[in-house]
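One structure is given below, encoded as structure tokens.
The values are calculated or read from the model by the stated rules, or taken from the named source; none is laboratory data. All values derive from a computational prediction rather than experimental measurement. Positions of Cβ are backbone-derived with ideal geometry, glycine not excepted, and every protein chain shown enters the neighbour counts.
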Amino acid sequence: MRHLTQQFIDNQWIDSHGQRRLAVTDPYRQEQIAELTAGHAADVDAAVAAARRAQPGWQALGGARRADYLDAFAKGLTARRGELMRTSAGNNGKALAETEIDLDDAIACYRYYATQARALEARQGRVVEHDMAGVQAQVFEDPAGVVGLITPWNFPLVTSAWKIAPALAAGCTVVFKPSEVTPLPEHALAEIAESIGLPAGVLNLVHGDGEGIGAPLTAHKGIDKISFTGSNLVGEKVMRAAADGVRGVSLELGGKSPILVLDDADIESAADWVAAGIYFNSGQICSATSRLIVHEAVADALLDALARRIDAIRLGDPLDEHTDMGPMTSARQRQAVERYLTIAGEEGLSAVRDARHRDLPAQGEFIAPTLYRDVPTDSRLWREEIFGPVLCARTVTSDAEAIELANDSDFGLAATVISADVERAKRVGRALRAGSIWYNSEQVVMPQASWGGFGISGIGRELGPWGLSGYLEVKHLIGPAG
Ligand code: NAD
């Protein structure tokens, strides 16, 4: 069993001030695999102080030199590929193919922000065009300062890469708190920082829970900006904490994303996309397309095809390469999803496939893939994020009705449109209120395209140049020309 009772601060492993210990578990074997410090406000103080000392030097290094470190991060992750995939399968319960996606997307992200860091250095001080005679204006983009980064447990390597890579590229220094549920994959980031000789204090990793580290970090006046990915409940607390001292905040929160299947769709490929959109990673994806909106002309055929897909999904050991779907990442998340299944029973929802009617593996925090049809729009299952393999379907009779139903949500993270007519799919997609809209595809993520949501799905955008600008402050230098 591993003992993660030390924090990585100023490139040293320092005993946490926290006395509380948390159990880190393998959700398939249902056994403890590590003990973790819950952290302490004094750990945050030390990490913020180290990051503040390091920040001017890291900024002065310039984007091109910082880029070399980001490339080294990508290489460090690549070198530990097999080990990290197994660690993630064990700690997250992800099937191996899913751990590979988490890792590959993270590596791509570090590489992308290396190129962005070089481009940032090349454009510093560029002259701005204007119509004021005899005046020169230059624009500089400075780092926001010291940033606090907080991540959830569902895609540990990628959600942390989306923050750490642009923050370091921008010249910010970092205090990073991984999720206490899945600290093992992200723990490796501190080891990689150490092995590539990242200057001391640039990346500080503090383990702990919301009480031990999260709340003290978001309240800390030495933090210039907080970037948070997680639940809406905690996101609101983070935003309130950031208001004190008017510090920057970006929030990547939950989703209840729709998938629209139009009446010209090829049923078999539509069923593949729908299944991938909700059952991938056991439905524990913020952008899971958990509301199926299908034209009534093709609804029965699609639901039949989906039922066949569900029956073919192999539940089992995440480390077995034949497994399609692993357990939920924690007993807590399994229980949270089971509460929704109980509500579905109380509401009398009609199940095409019901989690409770399928044999489960002998061990593990499993929820079987589930599909309800004709779900009322006021059902809690239609409106709330479940974060599990539970799909709710409704039928419509036109594209306009499908768009209206899709947009009738407080969330606005992602959406998918399936149609044989690409132009029609794009037209419908363009009318949807979401940050990422896929047509005839699902969950396609690339570091060049933005990530983030409308409405209560969050504030700000990660990835692409937008992700970098979240860690930059723009300033203009203006005076007589020549
Ligand atoms: P969570 O909100 O419970 O925890 C997220 C992080 O916040 C953890 O590291 C946790 O320790 C920390 N935390 C808890 N209390 C805190 C506090 N008071 N102050 C500061 N930090 C605190 O979320 P979770 O259960 O880990 O993750 C699931 C949620 O994350 C889902 O709602 C999902 O949609 C969302 N998510 C969103 C995205 C996105 O990109 N929009 C990506 C992944 C997950």
Test: Ala34 is in the same structural domain as Glu191 (by TED's automatic domain parsing), without any contact (Cβ under 8 Å) to a residue 24 or more places away in the chain, within 23 Å of Arg86 (Cβ to Cβ) and not polar (S, T, N, Q)
no
Restricting to region 182-203, name every residue that is within 12 Å of the ligand (Cβ to nearest atom) and in contact with a Leu (Cβ under 9 Å, 6 or more places away or on another chain).
Pro183, Glu186
Which listed residue, of Leu468, Leu477, is under 26 Å from the mean Cα position of the chain (by Cα), more than 16 Å from the ligand (Cβ to nearest atom) and farther than 26 Å from Arg309 by Cβ
Leu468
Out of Ser257, Ser227, Ser231, Ser282, report the one residue that is within 13 Å of the ligand (Cβ to nearest atom), at pLDDT 95 or above, within 17 Å of Ser160 (Cα to Cα) and crowded, with 24+ Cβ neighbours inside 10 Å.
Ser227
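Quick one: which of Ser379, Ser398, Ser419 is of a type in the set (S, T, N, Q) and buried (at least 21 other Cβ atoms within 10 Å of the Cβ)? I'd like the intermediate steps shown before the answer.
Working: Ser379 fails: buried (at least 21 other Cβ atoms within 10 Å of the Cβ); Ser398 fails: buried (at least 21 other Cβ atoms within 10 Å of the Cβ).
Of Ser379, Ser398, Ser419, the one residue that is of a type in the set (S, T, N, Q) and buried (at least 21 other Cβ atoms within 10 Å of the Cβ) is Ser419.
What residue, of Arg461, Arg433, is touching a residue at least 12 places away in the same chain (Cβ under 8 Å) and out of contact with any Ser or Thr (no Cβ under 7 Å at 6 or more places or on another chain)?
Arg433
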Restricting attention to region 264-276, does a residue exist that is away from the ligand (no atom under 11 Å from the Cβ), of a type in the set (S, T, N, Q) and surrounded by fewer than 24 Cβ atoms within 10 Å (Cβ to Cβ)?
yes
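Could we say that Leu319 is buried (at least 22 other Cβ atoms within 10 Å of the Cβ) and in contact with a helix residue (DSSP H, G or I) (Cβ under 6 Å, 6 or more places away or on another chain) here?
For Leu319, the condition - buried (at least 22 other Cβ atoms within 10 Å of the Cβ) and in contact with a helix residue (DSSP H, G or I) (Cβ under 6 Å, 6 or more places away or on another chain) - is not met.
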Leu341 versus (1) within 16 Å of the ligand (Cβ to nearest atom); (2) surrounded by 15 or more Cβ atoms within 10 Å (Cβ to Cβ): which is the lone unmet condition?
(1)
Can you run down the residue pairs with Cβ atoms below 8 Å, 6 or more apart or on separate chains, where the first is in region 146-159 and over 14 Å from Gly90 (Cα atoms) and the partner is part of a helix (DSSP H, G or I) and within 6 Å of the ligand (Cβ to nearest atom)?
Gly148/Thr218; Ile150/Gly214; Ile150/Thr218; Ile150/Val238; Thr151/Thr159; Pro152/Thr159
Name the pairs: first residue in region 219-242 and closer than 26 Å to Phe387 by Cα and free of Cβ contacts under 8 Å to residues at least 24 places away in the same chain, second residue within 11 Å of the ligand (Cβ to nearest atom) and outside any loop (DSSP other than H, G, I, E, B), Cβ to Cβ under 7 Å, at least 6 apart or on different chains?
none
By residue number, the members of region 288-302 that are over 14 Å from Thr397 (Cα atoms) and without any contact (Cβ under 8 Å) to a residue 40 or more places away in the chain are Ala301
Residues that are part of a loop (DSSP other than H, G, I, E, B) and among the acidic types (Asp, Glu), drawn from region 302-342:
Asp317, Asp320, Glu321, Asp324
Can you confirm whether Gln124 is surrounded by fewer than 18 Cβ atoms within 10 Å (Cβ to Cβ) and either touching a residue at least 12 places away in the same chain (Cβ under 8 Å) or acidic (Asp, Glu) (or both)?
yes
Exactly one condition in (1) of a type in the set (Phe, Trp, Tyr); (2) touching a Pro at 6+ places or on another chain (Cβ under 9 Å); (3) within 12 Å of the ligand (Cβ to nearest atom) is not met by Phe176; state its number.
(2)
Considering every residue within region 454-462, establish whether at least one is away from the ligand (no atom under 12 Å from the Cβ) and among the β-branched types (Val, Ile, Thr).
no
Name the residue that is farthest from Gln284 (Cα to Cα), counting only residues in region 74-97 that are in contact with a Pro (Cβ under 8 Å, 6 or more places away or on another chain) and part of a helix (DSSP H, G or I).
Leu84
Every residue from region 356-365 that is surrounded by fewer than 22 Cβ atoms within 10 Å (Cβ to Cβ) and in contact with a helix residue (DSSP H, G or I) (Cβ under 8 Å, 6 or more places away or on another chain)
Arg356
May I ask you to list the residues in region 60-77 that are free of Cβ contacts under 8 Å to residues at least 60 places away in the same chain and closer than 22 Å to Val444 by Cβ?
Ala74
Can you name the residue in region 234-254 that is part of a loop (DSSP other than H, G, I, E, B) and within 10 Å of the ligand (Cβ to nearest atom) and, of all such residues, is farthest from Gly210 (Cα to Cα)?
Gly254
Would you check which residues across region 432-482 are basic (Lys, Arg), assigned by TED's automatic domain parsing to the domain that holds Ala242 and farther than 18 Å from Val238 by Cβ and list them?
Lys475
